[in-house]
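Below is one structure, written out as structure tokens; the observations come after it.
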Amino acid sequence: PPSVPMILYGVITETSIGGLFLAGILPGLMMATLLSASVILQVVMNPAKAPPLTGRVSFTERMSASAEALPTVLIALMIIGTLYAGVASPSETGAFGAVAAVIVAVAMGRLKFRSLRTALEKTVRTTGMFMLLLVGGLFSSFILTRLGVPQEISNYLTGLDVAPWVIIVMINVLLLIMGMFLDPLSILVIIVPIFVDTIVGLGYDPIWFGIVVTIQIEIAAITPPVGLNLFVLRTVVPDLSLADTARGALSFVLPMLVGIVLLMVFPQIALVLPELAFGR
């Protein structure tokens with residue numbers, strides 16, 4: 001989920017994680033709209049991509065299916081609610097989320113010892129991977145800062161006789177190219193410590209840049225040849241070749257790039273909610 005890159009970005013750049021979460025709401029809705037519009041446009045141009053259903057779904061069936069998502073919504077509200085109500089820090093909200101998940105599982109009668117053990121094992125693996133990434137990111141950031149690399153790059157780029165948006169475009173092109181060959185979180189650990197000083201020096205908000213980087217990371221996950229999500233989709237739909245999966249995923253890269261352009265032109269899409277909440 002995008003919240004993981006946001007947390008890693010926030011820790012590396014010492015940016016408010018709560019601010020990043022808030023900043024991601026409107027861009028997230030914008031991206032959902034752009035992706036939905038892309039699907040509709042593709043179906044209008046080629047109706048064979050989405051043949052009509054043979055039967056109608058009743059209102060009762062729709063409500064029943066929607067109700068199945070309610071526990072997940074409650075867990076999300078528990079996490080976000082405790083964070084913005086000031087009850088818990090971003091780290092502590094994870095504990096609240098875990099408690100909420102256990103309560104929901106018990107209430108639904110689905111909490112069994114085997115499933116609990118599996119969940120704990122996966123949690124240990126995920127946490128271990130995330131902590132290694134975090135340590136690596138902080139270590140690389142420390143070394144680069146001690147060597148003065150970000151400062152030198154920032155001084156050079158901000159001293160160029162070009163408009164700031166030109167440099168932002170160049171950074172985005174670099175992120176796009178790197179996304180084809182590196183896994184998303186590695187890109188975050190490599191790029192962010194180098195360019196965050198440049199972004200601030202150009203007058204851009206680091207929270208805004210965090211949202212742009214998050215979208216770029218999501219693009220990296222579906223761009224070949226090293227798009228991790230493509231291999232996941234390949235296992236889910238084994239009848240499709242990897243080439244077909246890549247072609248299908250690439251049709252969604254354009255609307256995501258459009259989203260980045262809109263964020264560049266209208267940065268307030270990402271910044272309006274943090275400014276209202278924190279008076280930034």
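Kindly provide the set of residues from the range 239-256 that are of a type outside the set (Phe, Trp, Tyr), touching a residue at least 24 places away in the same chain (Cβ under 8 Å) and open to solvent by 30 Å² or more (accessible area, probe 1.4 Å), ordered by number.
250, 251, 254
Just one of the numbered conditions (1) surrounded by 19 or more Cβ atoms within 10 Å (Cβ to Cβ); (2) without any contact (Cβ under 8 Å) to a residue 40 or more places away in the chain is not true of residue 236; which one?
Failed condition: (1).
Just need a number here: residues in the range 61-108 that are closer than 21 Å to residue 19 by Cβ and charged (D, E, K, R).
Qualifying residue count for the region: 1.
I'd like to verify a number: residues in the range 5-58 that are closer than 22 Å to residue 186 by Cα and free of Cβ contacts under 8 Å to residues at least 12 places away in the same chain, how many? Show your work before the answer.
We begin by selecting, within the range 5-58, every residue closer than 22 Å to residue 186 by Cα; these are 5-17, 20-21, 24.
Right, trim to free of Cβ contacts under 8 Å to residues at least 12 places away in the same chain and you get 14.
Count: 1.
For residue 36, all conditions in the list (1) surrounded by 12 or more Cβ atoms within 10 Å (Cβ to Cβ); (2) at pLDDT 85 or above; (3) among the hydroxyl-bearing types (Ser, Thr, Tyr) hold save one; what is the number of the exception?
If we test residue 36 against (1) surrounded by 12 or more Cβ atoms within 10 Å (Cβ to Cβ); (2) at pLDDT 85 or above; (3) among the hydroxyl-bearing types (Ser, Thr, Tyr), just (1) comes out false.
Out of the residues in the range 259-280 that are of a type in the set (Gly, Ala, Ser) and open to solvent by 50 Å² or more (accessible area, probe 1.4 Å), which is modelled with the lowest pLDDT? Break it down stepwise before answering.
Taking the range 259-280 first, the residues of a type in the set (Gly, Ala, Ser) are 259, 270, 277, 279.
Narrowing further to those that are open to solvent by 50 Å² or more (accessible area, probe 1.4 Å): 277, 279.
Details: 277: 79, 279: 69.
If we take residues in the range 259-280 being of a type in the set (Gly, Ala, Ser) and open to solvent by 50 Å² or more (accessible area, probe 1.4 Å), then 279 is modelled with the lowest pLDDT.
Among the listed residues 142, 130, 113, which satisfies the condition of being among the aromatic types (Phe, Trp, Tyr), modelled with pLDDT under 85 and touching a helix residue (DSSP H, G or I) at 6+ places or on another chain (Cβ under 8 Å)?
On the way: 142 fails: touching a helix residue (DSSP H, G or I) at 6+ places or on another chain (Cβ under 8 Å); 113 fails: touching a helix residue (DSSP H, G or I) at 6+ places or on another chain (Cβ under 8 Å).
So the residue among 142, 130, 113 that is among the aromatic types (Phe, Trp, Tyr), modelled with pLDDT under 85 and touching a helix residue (DSSP H, G or I) at 6+ places or on another chain (Cβ under 8 Å) is 130.
The values are calculated or read from the model by the stated rules, or taken from the named source; none is laboratory data. Please read these numbers as outputs of a predicted model, since none were measured by experiment. Heads up, the Cβs are rebuilt from the backbone with ideal geometry, glycines too, and the neighbour counts pull from every protein chain shown. SASA here: full protein model, heavy atoms, side chains in, ligands and nucleic acids out. Shrake-Rupley method; radii C 1.70, N 1.55, O 1.52, S 1.80 Å.
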